[in-house]
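Asks: Before I ask anything, let me first share the structure, which is written out below as structure tokens.
Only the coordinates and a few stated rules stand behind these numbers; no lab work does. It should be emphasised that the depicted structure is a prediction, and the values quoted were computed from it without experimental measurement. Counting neighbours? That spans all protein chains shown, and the Cβs are built from the backbone with ideal geometry, glycine included.
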Amino acid sequence: MTNFAFGRFARLCLLLSVSGCVWTPNSRTSHESSAAISMQGYSGGSGSTVRILARNWDSGAFDELTTTTASTTASFTDPELYSWAKSLTPLAKYWRPTQAGCSAGRAELRVTIDDDPLKTFTTPAGQCAFDRVLGGEHPVSAGNACSDGDEVILFDNNGTCGTAETGGLTTVLGPITGPYNGASVTWEVVSYPVQGNTIYGLICRPSAAGAHPVQIFNHGGWFGLGWGNEPQGCMASAAKGWVVAMSTYRGERLYLGPGYEWVSGGSVELCNGEVTDVLRLTDLVLAKSYADSSKVLMHGLSHGGCITTRAVQRGAPVQAAIDVAGPSEWASLHALLGGWLVGELPTDPATTPFPDLMEDWVGDPASVPHAYEWRSSKFVAEDLAVRTDVKYLRMQGVADTIVPPGHACKLMKAAFGAYGSQSWHFNNAAGVTATAPVGCTATDASLSWQSAAKPTTSWPGNHYVFVYDALPHAVVPGDGTPVAVVNAFVADYNNFVNALGWGVVY
């Protein structure tokens, strides 16, 4: 940015706010929680007292951390702006609830002058506001429309108990090249370090040279990879031209047959450390010459759907995402699923109530409520709303007895409001109905349901939710799910991906 542009945006700070603005750091960026945060901004008053606060994740309240004083010498005139600066290192409780462990950090900082919160502006936000003012809009209106909000949001995706990872991908099996579905495909089993754990993953890609579109696929459940058809899906997508990367999250197993089994370090955390594992794999894959970092899709089902949405909320470098039946309120599932009997390991009998496993992994929600909130995408729905750079599709079944449809509707309502997403409801024959689905009628779940035909080849919006009356959590052959509904779900999924126009089909 030139000095002229800097001065132009800095002056805009005063026009857009009565008291001033936060100039740096930018919101929604990565920052090591152990490192000091250097904050700078401008005040409209000489010698103003500037208060810096942070959200205490244990209490939910904003605590005052420190104060500083604006300069008495104007940095700019007409209008006058006085600089202020302060360096601080917030305690751990300002990066995440103490109940949530070390897997991720999110600091929410607020700066006030005379109790007025200062707006925060990244360079694109400043340019947006400046352009609107030039177009005749009132500065305050332009600032409210374009600012990043009243808080600076920082992420420590490396984990609050360590520093940035430096290790890369290590091949533990392969690479192996051979034909699959009429194409030449290369695949390998890899490992990579995350927070002291060795995590395993599977990567499949076209054998042809060049950079290819990327899928980050996040599997459901907690068993790992190879217990379903993930390896076959990985190869099939690679045969169509995709680079596909799948993480065997911490505490899980990657199984490719007798003698070919790897166990990732750590233990299941339930949509917490798993997100960190996926974000790290994404970064490592996108650094490869065979990956096109401008064409990245992340998608997942159930637990993998939750991981997908939380990864997007934490800044995953993707352009499109699909969450199918991902939980957005984990505490409510603890109360609901007492009758769902499961096994902790793939070879265990299904005799353990799922809430018992949740308590083993996370704790009782009555005792550690913040730990459950931290894993729930609805709790930080605003972090999804700000991802205007991502095309996002949330898919859900009303017949889902594991994750009720309210999880989809409440998340979308919290993130985008009643009218901010394009919402379709499909009946038992897969026809469009403009009424709210069961589970989506409460005030905090109410959306505006479309009566027009659903998108097929063109998806011009950025936020979609598709709810199907007869769709269960997972379709099993012979379970009675109407064929029309299964076909519609598959077609909608494929159409969304194909409409990205990345030169490959799903």
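Asks: Between THR401 and ASP114, what FRET efficiency follows from the Cβ-Cβ distance if R0 is 51 Å, with the result rounded to 0.05?
Replies: Efficiency computed from Cβ-Cβ geometry: 0.45.
Asks: If you take every DSSP beta bridge fully contained in the chain, what fraction is antiparallel? Give it as a percent rounded to 5.
Replies: 60
Asks: If packing is taken as the average number of other Cβ atoms within 10 Å across a peptide's residues, how do 177-184, 358-365 rank, most packed first?
Replies: 358-365, 177-184
Asks: Place a point 7 Å from Cα of ALA499 in the direction of its Cβ. Which residues in region 376-396 have their backbone N less than 13 Å from it?
Replies: Answer for this model: 391-394.
Asks: Still on this structure: By DSSP, what percent of the beta bridges with both residues in region 419-500 are antiparallel, rounded to the nearest 5?
Replies: 25
Asks: Please list, ordered by chain and number, the residues whose modelled amide H lies under 5 Å from the amide H of VAL465; skip anything fewer than 5 residues away on the same chain.
Replies: Placed amide hydrogens put ARG394, GLN422, SER423, TRP424 under 5 Å from VAL465.
Asks: Given [x] 191; [y] 161; [z] 138 as candidate values of volume of the Cα convex hull per residue in Å³, which corresponds to the one derived from the coordinates?
Replies: It is the one labelled [y].
Asks: Shifting gears a bit: In nm, to one decimal, how far is the modelled label at HIS138 from the one at THR89, with both set 7 Å along Cα→Cβ?
Replies: About 4.5 nm separates the two model spin labels.
Asks: Which of rounded, prolate, oblate describes region 376-506, given a ≥ b ≥ c as roots of the alpha-carbon gyration tensor eigenvalues and a/c under 1.5 marking rounded, otherwise prolate only if a/b is larger than b/c?
Replies: oblate
Asks: Determine, from the Cβ-Cβ distance of ASP150 and GLU344 and an R0 of 56 Å, the FRET efficiency 1/(1 + (r/R0)^6), rounded to the nearest 0.05.
Replies: Efficiency, rounded to the nearest 0.05: 0.80.
Asks: So, one more: What does the C-alpha gyration tensor say about the overall shape of region 276-389? Classify as rounded when a/c is under 1.5, otherwise prolate if a/b is larger than b/c, or oblate.
Replies: Prolate, since a/c reaches 1.5 and a/b exceeds b/c.
Asks: Among CYS234, CYS271, rank each residue by its count of other Cβ atoms within 10 Å, from fewest to most, as a rough exposure measure.
Replies: Fewest-to-most ranking of CYS234, CYS271: CYS234, CYS271.
Asks: As I understand it, the value is the acute angle between the Cα axis of helix 483-498 and the longest principal axis of the Cα atoms of the chain; what does it come to in degrees, rounded to 10?
Replies: 50
Asks: Still on this structure, please answer the following. Setting aside same-chain residues fewer than 8 positions from LYS240, which aspartates and glutamates have a Cα under 16 Å from its Cα?
Replies: Filter leaves GLU230, ASP292.
Asks: Can you put SER264, SER421, SER38 in order, fewest other beta carbons within 10 Å first?
Replies: Fewest-to-most Cβ neighbours within 10 Å comes out as SER38, SER421, SER264.
Asks: Next question. In percent, what relative contact order does region 204-249 have, based on Cα pairs under 8 Å that are 6 or more apart in sequence?
Replies: Relative contact order for region 204-249 comes out at 59 percent.
Asks: Run the helix sum for the chain: -39,500 (n - 2.57) per DSSP H stretch of 4+ residues, divided by residue count, reported at 222 nm to the nearest 500 deg cm²/dmol.
Replies: -7000 deg cm²/dmol
Asks: Could you give each residue of region 399-409 its phi-based ³J(HN,Hα) in whole Hz, using Karplus coefficients 6.51, -1.76, 1.60 with θ = phi - 60°, and x for Gly or Pro?
Replies: Along region 399-409, the couplings run 7, 6, 8, 9, 10, x, x, x, 5, 6, 5 Hz.
Asks: Here is a further query. Length gain on complete extension for the stretch THR166 to LEU256, per 0.36 nm per residue less the alpha carbon to alpha carbon distance?
Replies: Working it through step by step, the gained length comes to 29.6 nm.
Asks: List the pair-distance distribution P(r) of region 169-318, using every Cα-Cα distance, as the percent of pairs falling in each 5 Å bin from 0 up to the bin containing the longest distance, rounded to whole percents.
Replies: Result returned by the calculation: 2, 11, 21, 25, 22, 13, 5, 1, 0.
Asks: When the label point is put 7 Å from the Cα of ASN428 along its Cα-to-beta-carbon vector, which residues of region 458-476 have a backbone N closer than 17 Å?
Replies: Of the residues in region 458-476, 468-473 have backbone N under 17 Å from the label point off ASN428.
Asks: Roughly how tilted is helix 273-286, in degrees to the nearest 10 and between 0 and 90, from the longest Cα axis of the chain?
Replies: Roughly 90 degrees between the two axes.
Asks: For TRP227 and SER38, FRET efficiency with R0 = 51 Å and r from the beta-carbon atoms, rounded to 0.05?
Replies: With a Förster radius of 51 Å, E is 0.60.
Asks: I'd like the per residue volume of the convex hull spanned by the Cα atoms of region 3-156, given in cubic angstrom.
Replies: For region 3-156, the hull spanned by Cα atoms encloses 105 Å³ per residue.
Asks: If you fit an axis through the alpha-carbon atoms of helix 230-239 and take the longest principal axis of the Cα set of the chain, what angle between them do you get, 0 to 90°, nearest 10?
Replies: Here the helix axis deviates by roughly 80 degrees.
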